[in-house]
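Input: a single structure, listed below in structure tokens.
Throughout, read-outs are computed from the coordinates displayed, never taken from laboratory work. All values derive from a computational prediction rather than experimental measurement. FYI the Cβ positions are ideal-geometry reconstructions off the backbone, even for glycines, and counts take in every protein chain you see.
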Amino acid sequence: MSLRLSSSLGLQLRVASSQPLRAAITQVPVRNAARLAVRSKDEQKAQENQALSRQMTRTWKVGDVYAPHDLSGAEARKWKQRTRPTTDVFDALSVNPLSLYKNFSIMSEYMTEMGRIRHSSSTGLRPVNQRKIAKAIRRAISLGLMPSVHRHPEILKAQLQKRRVG
């Protein structure tokens, strides 16, 4: 019995009897299945560990004593950290937000899809700059530069193109 491995290389494999070949063929899938089972168990454990680490909001240290109640969802909510930007963008760039009322792309970053001004906890701005950006948004809406109930059509068009491409 002969098997041609590659026509371009012209290699041939000759086997005297078909029994060893059949045994080798039947053993390979069993070995691969065992390897896949081990990999899938390891991947499953890794996924479970990631899920648990995402749920654990408190950082535990070696030697900490805890009760089962400490691992509950109610207790985890107490330790949950709010994610907020640490630096004010306008201070970092030394830009006055009131001067940007004509730039609808910057203004739309601080508005929701429904046209409401975002809260300072989500924007990460200092109170002074939050008031200035709110005033700039209201100014742009009153001058008719921005729609008041949805995002600007050019921003919506750019988002639609990104969805089609990506």
For region 89-165, evaluate the Debye formula with one uniform point scatterer on each Cα (no solvent term) and list log10 I(q)/I(0) at q = 0.14, 0.19 Å⁻¹, rounded to two decimals.
-> -0.44, -0.78
Inter-probe distance in nm under a simple model that places probes 7 Å from Cα toward Cβ, at LEU160 and ALA67 = 5.7 nm
Hey, can you grab everything whose amide H is under 5 Å from the amide H of MET111? Only 5+ residues off in sequence or another chain; H modelled, so Pro and N-termini drop out.
-> ARG118
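Just want to confirm a number: the relative contact order over region 89-165, from Cα pairs under 8 angstrom separated by 6+ residues, in percent.
Numbers: 66 pairs, mean separation 27.8, N = 77.
Relative contact order for region 89-165 comes out at 36 percent.
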Can you give the charge dipole size of region 89-165 about its Cα centre, rounded to the nearest 20 debye, using +1 on the beta carbon of Lys and Arg and -1 on the beta carbon of Asp and Glu?
-> 120 debye
³J(HN,Hα) computed for each position of region 111-118 - Karplus, 6.51 cos²θ - 1.76 cosθ + 1.60, integer Hz, glycine/proline x = 10, 7, 5, 8, x, 8, 6, 5
Hey, if you put +1 on the Cβ of every Lys and Arg and -1 on every Asp and Glu Cβ in region 89-165, which of SER121, LEU156, ASN96 ends up farthest toward the positive end of that dipole?
-> LEU156
Mind checking which lysines have their Cα closer than 22 Å to the Cα of LYS132? Skip sequence neighbours fewer than 8 apart in that chain.
-> LYS102
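Note the full-extension length gain between ASN103 and ARG58 as 0.36 nm times their separation in residues minus their Cα-Cα distance, in nm to one decimal.
Values: separation 45, 0.36 × 45 = 16.20 nm, distance 4.12 nm.
Between ASN103 and ARG58, full extension yields 12.1 nm more.
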Reduced to Cα centres, the span from region 61-133 to region 142-166 in Å works out to 23 Å
Taking a cut-off of 17 Å between Cα atoms, list the lysines near LYS61, but don't count ones fewer than 8 places away on the same chain.
-> LYS80
Tell me, what is the FRET efficiency for GLU48 and VAL95 to the nearest 0.05, using R0 = 45 angstrom and their Cβ-Cβ distance as r?
-> 0.45
